[in-house]
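The values are calculated or read from the model by the stated rules, or taken from the named source; none is laboratory data. Remember, predicted model here, so these are calculated numbers, not experimental data. Note: ideal-geometry Cβ built from the backbone for every residue, glycine included; neighbour counts use all protein chains shown. When the accessible area is computed, the model is the full protein with side chains, heavy atoms only, and any ligands, DNA or RNA have been set aside. Shrake-Rupley method; radii C 1.70, N 1.55, O 1.52, S 1.80 Å.
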Amino acid sequence: MTDDGNDTDPVAGDVAPAVDAESVIEANGLSYAYPDGTTAVERVDLSVYRGDRIALLGPNGAGKSTLLQLLGGLIEPATGTVRYFGETTDADSVRDRLSVLTQDPADYLFNPTVREDLAYGPIQQEVTQAVVDRRIETVANRLGLADLLSKPPFRLSGGEQRRAALASALTVEPEVLLLDEPLSNVDAANRDAILELLAELSANGVTLVTSTPDTELLPHLADRVLLLDAGGSVVAAGSTREILTDPSLLTECNLRPPQVVRLFEDDDPVPLTVAEARSRLGD
Ligand SMILES: Nc1ncnc2c1ncn2[C@@H]1O[C@H](COP(=O)(O)OP(=O)(O)OP(=O)(O)O)[C@@H](O)[C@H]1O
Ligand SMILES: [Mg+2]
């Protein structure tokens, strides 16, 4: 697990998993093709250890969402296996330890009110009503949803729906979070609130696997990166720093280094975030 000592602006380090780290997800040789013949994921291997912050980075259509659903056991691979906690390949048996946020908020928002959507997961866990209420209040306050709890979810704006869907994944208090672009459609203040919350969860040992096409956000989300190309194959795996400071690799995948990396490309080490650049400049 990383500990950069900064909860509000976590920045990726060059962190390799500890040798004796506990396996959380072990994926081997995962491939998936949709019924129309589109190959979305091609022979992907991925080892996720407790406390990891891993990103699935790639352009549109790279297979990030498909891979995340495979890792979460929402769809079955054509080839390959996914093993959870070193124990089982049965995703259903680990459902309350592992939350998946897919790209479509509608997957999570189907009850008459937002409050009931947020209660759905904890109620399945058979915790007391007081615990359900406490979790809802805590998450709703952190994600700016407190005033929206009695609304029907389909009456929320796009960004509000996104936050409500994330909130419903968090109220089960999982050990592992698989998040498909959790910050898309979210305004700057709410994005900061989500990043701060994810940093706290990570500091408390929660494992995070996050998909994104956004290299600007990547340093705030992950220490290790699996870079996928448009064909659904892994083109590189490495630390966030290694991946973000390799412009030709990113260009090959229709991506660009963050602006601050391009601005300070001759620095050693290159800052990955504005906060890093500012502290370098003595600001
Ligand atoms: N239901 C489907 N049927 C057929 N092809 C699909 C289906 N869903 C996705 N695909 C295709 O599978 C590939 C991978 O899609 P996926 O949604 O996993 O990509 P992604 O990396 O998440 O993209 P984005 O950044 O746009 O979210 C794409 O070529 C896409 O067109
Ligand atoms: Mg996607």
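Restricting to segment 54-66, what's the tally of residues that are surrounded by fewer than 24 Cβ atoms within 10 Å (Cβ to Cβ) and either more than 6 Å from ligand 1 (Cβ to nearest atom) or not in a loop (DSSP other than H, G, I, E, B) (or both)? Explain how you work it out, then say what you get.
Kept after step one, since they are surrounded by fewer than 24 Cβ atoms within 10 Å (Cβ to Cβ), are these residues of segment 54-66: 59-61, 65.
Cutting the leftovers down to either more than 6 Å from ligand 1 (Cβ to nearest atom) or not in a loop (DSSP other than H, G, I, E, B) (or both) gives us 59, 65.
Qualifying residue count, segment 54-66: 2.
For ALA199, indicate whether it is free of Cβ contacts under 8 Å to residues at least 12 places away in the same chain, closer than 30 Å to CYS253 by Cα and either surrounded by fewer than 22 Cβ atoms within 10 Å (Cβ to Cβ) or among the β-branched types (Val, Ile, Thr) (or both). It would help to see each step written out before you state the result.
Working: free of Cβ contacts under 8 Å to residues at least 12 places away in the same chain: no; closer than 30 Å to CYS253 by Cα: yes; either surrounded by fewer than 22 Cβ atoms within 10 Å (Cβ to Cβ) or among the β-branched types (Val, Ile, Thr) (or both): yes.
Answer is no for this residue.
Which of the residues that make up segment 1-44 are at pLDDT 50 or above and β-branched (Val, Ile, Thr)?
Start the filter on segment 1-44 by keeping residues that are at pLDDT 50 or above, which leaves 16-44.
Those that are at pLDDT 50 or above and β-branched (Val, Ile, Thr): VAL19, VAL24, ILE25, THR38, THR39, VAL41, VAL44.
Between LEU227, LEU218, LEU250, LEU244, which is crowded, with 20+ Cβ neighbours inside 10 Å, within 17 Å of LEU67 (Cβ to Cβ) and touching a Pro at 6+ places or on another chain (Cβ under 8 Å)?
On the way: LEU227 fails: touching a Pro at 6+ places or on another chain (Cβ under 8 Å); LEU250 fails: within 17 Å of LEU67 (Cβ to Cβ); LEU244 fails: within 17 Å of LEU67 (Cβ to Cβ).
Just one listed residue meets the conditions, LEU218.
Name the single residue that is farthest from VAL127 (Cα to Cα) among those in segment 158-196 being in a helix (DSSP H, G or I), open to solvent by 10 Å² or more (accessible area, probe 1.4 Å) and touching a Lys or Arg at 6+ places or on another chain (Cβ under 9 Å).
Checking each candidate, the answer is ASN190.
Among the candidates ALA78, ALA119, ALA130, which residue alone is among the hydrophobic types (A, V, I, L, M, F, W, C), touching a residue at least 12 places away in the same chain (Cβ under 8 Å), more than 16 Å from ligand 2 (Cβ to nearest atom) and not assigned by TED's automatic domain parsing to the domain that holds LEU227?
Working: ALA78 fails: not assigned by TED's automatic domain parsing to the domain that holds LEU227; ALA130 fails: touching a residue at least 12 places away in the same chain (Cβ under 8 Å).
Going through ALA78, ALA119, ALA130 in turn, the sole match is ALA119.
Would you point out which residue out of THR89, THR39 is without any contact (Cβ under 8 Å) to a residue 24 or more places away in the chain and in the same structural domain as HIS220 (by TED's automatic domain parsing)?
Values: THR39 fails: without any contact (Cβ under 8 Å) to a residue 24 or more places away in the chain.
That would be THR89, the only listed residue that is without any contact (Cβ under 8 Å) to a residue 24 or more places away in the chain and in the same structural domain as HIS220 (by TED's automatic domain parsing).
Checking PRO153 against (1) over 17 Å from GLU196 (Cα atoms); (2) open to solvent by less than 10 Å² (accessible area, probe 1.4 Å); (3) more than 16 Å from ligand 1 (Cβ to nearest atom); (4) within 20 Å of the chain's Cα centre (by Cα), which test does it fail?
With (1) over 17 Å from GLU196 (Cα atoms); (2) open to solvent by less than 10 Å² (accessible area, probe 1.4 Å); (3) more than 16 Å from ligand 1 (Cβ to nearest atom); (4) within 20 Å of the chain's Cα centre (by Cα) applied to PRO153, the lone miss is (4).
When residues of segment 236-283 are filtered for being part of a loop (DSSP other than H, G, I, E, B) and hydrophobic (A, V, I, L, M, F, W, C), how many remain?
So the first thing to find is which residues in segment 236-283 are part of a loop (DSSP other than H, G, I, E, B), and the list is 245-246, 253-258, 264-273, 281-283.
Keeping just the survivors that are hydrophobic (A, V, I, L, M, F, W, C) gives 253, 255, 264, 270, 272, 281.
Qualifying residue count for the region: 6.
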